[in-house]
Amino acid sequence: MVDVQITTAAEVERQNLPQTLKAKIAARSRAIGANYERDVGKKLGNYFGISDWKEVCYRTKPHRMAQPTGDLKLINDVGRIWKNAGLGPIECKRRKEWSFSQFFKSPEKSMVYGYFCKSNEDTKSSNSVVIFTKPGTVDLVFYQFEKNKNQMDETVLFVQIKDQTFVVQTLKAFLQQHFPEPQSLL
């Protein structure tokens, strides 16, 4: 097996590269993130039977290196039922760097848990929902497990970090669990 070195945007910033190259790498990274946020918005809209994702959510603007309402702000009926389900702000990440082995080796140091903590810090919440993927992987969801929720069908992984339990599910399984009859909710 070949060990592949992946360069993150932060690592690029620390390297001694020309400023124009750094700017191109940063712009490409932002474009990938923006495209993934729109893709997640479309998938949420499709699940609830709404063809125009802009009727479901909008992408938020960063405010001093943070997004106080998450990457996607759900609106209208979908925003109402999301909030009624006890779900928090949405953080979207399409990054090559995360791996399942991080959850097994040292879950509190996993990148996905870091995204969860940063989102909670930025949004001043405790129940962010991280929707994440990487090339060749289905969309997954990482969120804090509530003991009073229904049976967790199609759960990929339970992760124990300190005194908290987290769930990793596919986006499809997550939506079906929390919103089993989406059309009747709207």
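The values are calculated or read from the model by the stated rules, or taken from the named source; none is laboratory data. Note that the coordinates shown come from a computational prediction; the quantities given were computed from them, not determined experimentally. Heads up, the Cβs are rebuilt from the backbone with ideal geometry, glycines too, and the neighbour counts pull from every protein chain shown.
Computed values, structure above
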read-out: Residue identified as in contact with an Asp or Glu (Cβ under 6 Å, 6 or more places away or on another chain) and among the basic types (Lys, Arg) among ARG80, ARG95, ARG59, ARG64; value: ARG59
read-out: Unique residue being modelled with pLDDT of 85 or more and in contact with a strand residue (DSSP E or B) (Cβ under 6 Å, 6 or more places away or on another chain) when the list is VAL156, VAL141; value: VAL141
read-out: Segments classed as strands (runs of 3 or more DSSP E), wholly inside the range 72-165, with at least 1 members that are surrounded by fewer than 13 Cβ atoms within 10 Å (Cβ to Cβ); value: 155-161
read-out: Selection within the range 83-108 - of a type in the set (Phe, Trp, Tyr) and out of contact with any strand residue (DSSP E or B) (no Cβ under 8 Å at 6 or more places or on another chain); value: PHE104
read-out: Residue list for the range 51-71, filter: of a type in the set (Phe, Trp, Tyr) and either assigned to a loop (DSSP other than H, G, I, E, B) or over 24 Å from THR170 (Cβ atoms) (or both); value: TYR58
read-out: Of all residues in the range 51-70 being buried (at least 19 other Cβ atoms within 10 Å of the Cβ) and without any contact (Cβ under 8 Å) to a residue 40 or more places away in the chain, the one that is nearest to VAL130 (Cα to Cα); value: CYS57
read-out: Pair list, Cβ under 9 Å, 6 or more apart: the range 14-27 residue under 18 Å from ARG95 (Cα atoms), other residue loosely packed, with under 13 Cβ neighbours inside 10 Å and modelled with pLDDT of 80 or more; value: none
read-out: Test: residue in the range 12-30 that is more than 21 Å from GLU97 (Cβ to Cβ), outside any helix (DSSP H, G or I) and either of a type in the set (S, T, N, Q) or at pLDDT below 80 (or both); value: yes
read-out: Candidate set: the range 33-50, residues that are outside any loop (DSSP other than H, G, I, E, B) and of a type in the set (Gly, Ala, Ser); chosen: the one surrounded by the most Cβ atoms within 10 Å (Cβ to Cβ); value: GLY41
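Let's see how each residue does on (1) at pLDDT below 95; (2) in contact with a strand residue (DSSP E or B) (Cβ under 6 Å, 6 or more places away or on another chain):
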| residue | (1), (2) |
| --- | --- |
| LYS43 | no, no |
| ILE50 | yes, no |
| GLU55 | yes, no |
| TYR58 | yes, yes |
| ARG64 | yes, no |
| PRO68 | yes, no |
| LYS73 | yes, yes |
| ILE81 | yes, no |
